[in-house]
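Notes to accompany the following structure.
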Amino acid sequence: ALVAANPQVRRYLLLRGAQPRFSAEQEASFARIFLPLGEPFTDGRLVCLNQPLNLPVSPSSASHWAICADAPELPGLLSPQWRECLEKGSVPVHLGDWNVPEWLPQGCYIDARGCAGEPEINARCNAEVGAAAAVLQAFFTDRRSYPHSIECWIVALTAAIAGDAAAVRGSVPLLSVIIPTYNHGRFLRQAVSSVLEQGLEDIEILVLDNASTDGTPEIMRAYADEPRVRYLRNLRNVGPSYNVLNGIQLARGRYLSMLMADDFYNPGYLSRLLPRLLQKPEAVVGYTAIRWVNEQGEALAAPRHPGYRNDDYDGGRNEVAELLIHDNYIPPSAALIQRAPFLQVWRRDPRLNGAGDWLSMLQVAEKHPDFIFLSEPGVTYRAHSAQLSTEFYSSNAPLADHIRLVEGVFERNAQGKLRGRERDVAAHLRRRLALYPDELESPLGV
């Protein structure tokens, strides 16, 4: 009652179930309500709540199991019986039909529903427990489990509350620069300094350290007294995608920038591009051309991307079609994005292998077509052997993602953006397929 009577106190409610059991009037008394279901990266009102990851599951012969009673539960949530099993290092054994969260992998429990009695149950358990324990261990120690972990939930919950607090206080910065990094300590100082040297005070710089094993923490200590810089280190490596997504959740700025730790801003980049965006609020994305250097910082004579125009432009281009004709010519480090409209239209696709930035630009262009482009390079990209894109382009992943992106335009009913350019889009897809002759008769090629 004291809390409710104090207008200076913000109240938050975390529900354990999916359905609220209170009236609209009661709901209105809370600043935010968090539900334990939903996609944690697309809806600030929904926060996934699941289990910790440090489970004592082992694939050794000492693994054991526990019999679970029939326990239907909410989709996506572990039942009390499952939680108890995993906390004790047990492999669940099903004797009846009950819920298994859809995010758990196949083969992670023993299905004994058809067994005729205890001897047969024990025989099946002895035969299958090692394999099931191995599946569980592999999953819970792998980055696939991160979206369902307590770590992810804590980030989502604290980010939502921090965002609400920033909005109430009116302390939203103009720009959030997200710098995801993993073992790029040798480049990180130049990346952070290049942002600070832009001269913008109304800015936050979020350095997301994905459990680096190099000297990254020591390098970031130099910025401990810089109020514009926040350093956040993951307890474990959650993979590059989720590290970036955490940064997007934590960012509070009106605009977003995703600067890779091995890249850096060129002098005057923000002072040239940011005012153009502020003058045209309907423009959600602004970007520039890029220049290239090698690992030592020496200039490279890289060809200009065919998707770049020769001159600056301010809207008037069919970005959806052009992005599918030329590949993604808007690299993350070279773009400034208006955060609120971006979050309204952006939906991640977990089926993609490495084209999430390409997808996000397509989704924005479908709803907010007027982009701003400056032909003078605003950002420098560094080419080196440790880049994540090296592994991506050495597989058939670019082809699979390209097909998925074209299909996505139709799934979102945005195919009208391709009218008159269908042949060009198809021709580019055929050119990519020609790079993978082994796939011509595969499901991808067909």
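The values are calculated or read from the model by the stated rules, or taken from the named source; none is laboratory data. These numbers come from a predicted model, not from an experiment. Reconstructed Cβ throughout: ideal geometry from the backbone, glycine too, with neighbour counts over all protein chains shown.
So the check is Cβ under 8 Å with 6+ separation or different chains; which pairs have a first residue in the stretch 354-365 that's touching a residue at least 24 places away in the same chain (Cβ under 8 Å) and assigned by TED's automatic domain parsing to the domain that holds Ser333 and a second one that's of a type in the set (Asp, Glu) and in a loop (DSSP other than H, G, I, E, B)?
Gly356/Asp349; Trp358/Asp327; Leu359/Asp349
Counting only residues that are crowded, with 17+ Cβ neighbours inside 10 Å and among the hydroxyl-bearing types (Ser, Thr, Tyr), which one in the stretch 309-335 is nearest to Asp424 (Cα to Cα)?
Across the stretch 309-335, the extreme among qualifying residues is Tyr329.
Is there any pair with a first residue in the stretch 137-151 that is part of a helix (DSSP H, G or I) and a second that is among the hydrophobic types (A, V, I, L, M, F, W, C) whose Cβ atoms are under 6 Å apart and which are 6 or more apart or on different chains, and what are they?
So the pair list comes out as Gln137/Val57; Phe140/Leu53; Phe140/Leu55; Arg143/Val238; Ser145/Phe139; Tyr146/Cys152; Tyr146/Val238; His148/Trp103.
Out of all the residues in the stretch 68-100, which are at pLDDT 75 or above, farther than 18 Å from Ala134 by Cβ and part of a loop (DSSP other than H, G, I, E, B)?
Residues satisfying the conditions are Leu95, Gly96.
Any residue in the stretch 260-273 that's assigned to a helix (DSSP H, G or I): show its pairings with residues that are of a type in the set (A, V, I, L, M) at Cβ separation under 7 Å, as long as the two are six or more apart or on different chains.
The qualifying pairs are Tyr269/Val379; Leu270/Leu200; Arg272/Leu374; Leu273/Leu336; Leu273/Leu374.
Considering only the stretch 233-254, I want to know if a residue exists there that is part of a helix (DSSP H, G or I), outside the structural domain of Arg348 (by TED's automatic domain parsing) and basic (Lys, Arg).
Checked against the condition, which is being part of a helix (DSSP H, G or I), outside the structural domain of Arg348 (by TED's automatic domain parsing) and basic (Lys, Arg), the stretch 233-254 yields no hits at all.
Can you pull out every residue in the stretch 140-150 that is modelled with pLDDT of 80 or more and surrounded by fewer than 20 Cβ atoms within 10 Å (Cβ to Cβ)?
Matches in the stretch 140-150: Thr141, Asp142, Arg143, Arg144.
Test each condition in (1) in contact with a Lys or Arg (Cβ under 8 Å, 6 or more places away or on another chain); (2) closer than 26 Å to Arg10 by Cβ for Trp153 and report the one that comes out false.
(1)
Kindly list, by first and then second residue, each pair from a residue in the stretch 100-128 that is among the basic types (Lys, Arg) to a residue that is in a loop (DSSP other than H, G, I, E, B), limited to pairs with Cβ atoms under 7 Å and residues at least 6 apart or on different chains.
Arg113/Leu95; Arg113/Gly96; Arg124/Ala112; Arg124/Cys115
Please determine, by comparing only the residues of the stretch 283-302 that are touching a helix residue (DSSP H, G or I) at 6+ places or on another chain (Cβ under 9 Å) and not in a strand (DSSP E or B), which one is surrounded by the most Cβ atoms within 10 Å (Cβ to Cβ).
Keep residues of the stretch 283-302 that are touching a helix residue (DSSP H, G or I) at 6+ places or on another chain (Cβ under 9 Å), which gives 283-290, 295, 297.
Still in the running and not in a strand (DSSP E or B): 283-284, 295, 297.
On the way: Ala283: 20, Val284: 25, Glu295: 14, Gly297: 11.
Top of the filtered list is Val284.
Got a number for residues in the stretch 354-365 being out of contact with any strand residue (DSSP E or B) (no Cβ under 9 Å at 6 or more places or on another chain) and modelled with pLDDT of 85 or more?
Just the residues of the stretch 354-365 that are out of contact with any strand residue (DSSP E or B) (no Cβ under 9 Å at 6 or more places or on another chain), to begin with: 354-356, 358-359, 362-363.
Still in the list and also modelled with pLDDT of 85 or more: 355-356, 358-359, 362-363.
Number of matching residues: 6.
Quick check on Pro217: is it in a strand (DSSP E or B) and in the same structural domain as Gly239 (by TED's automatic domain parsing)?
Spelling it out, it is not the case that Pro217 is in a strand (DSSP E or B) and in the same structural domain as Gly239 (by TED's automatic domain parsing).
Considering every residue within the stretch 394-402, establish whether at least one is surrounded by fewer than 15 Cβ atoms within 10 Å (Cβ to Cβ) and modelled with pLDDT under 95.
Yes: one or more hits.
Inside the stretch 114-131, can you point out the residues that are surrounded by fewer than 14 Cβ atoms within 10 Å (Cβ to Cβ) and either closer than 28 Å to Asp142 by Cβ or not assigned by TED's automatic domain parsing to the domain that holds Gln81 (or both)?
Result: Asn126, Ala127.
Confirm whether Ala156 is modelled with pLDDT of 80 or more and of a type in the set (A, V, I, L, M).
So Ala156 fails the test.
Of all residues in the stretch 313-332, which are in contact with a helix residue (DSSP H, G or I) (Cβ under 8 Å, 6 or more places away or on another chain) and either among the hydroxyl-bearing types (Ser, Thr, Tyr) or in a helix (DSSP H, G or I) (or both)?
Answer for the stretch 313-332, where residues must be in contact with a helix residue (DSSP H, G or I) (Cβ under 8 Å, 6 or more places away or on another chain) and either among the hydroxyl-bearing types (Ser, Thr, Tyr) or in a helix (DSSP H, G or I) (or both): Glu319, Val320, Ala321, Leu323, Leu324, Ile325, His326, Tyr329, Pro332.
For the stretch 101-113, which residues satisfy the criterion of being crowded, with 16+ Cβ neighbours inside 10 Å and in contact with a strand residue (DSSP E or B) (Cβ under 6 Å, 6 or more places away or on another chain)?
Once the filter is applied, which keeps residues that are crowded, with 16+ Cβ neighbours inside 10 Å and in contact with a strand residue (DSSP E or B) (Cβ under 6 Å, 6 or more places away or on another chain), the stretch 101-113 yields Tyr109, Ile110, Ala112.
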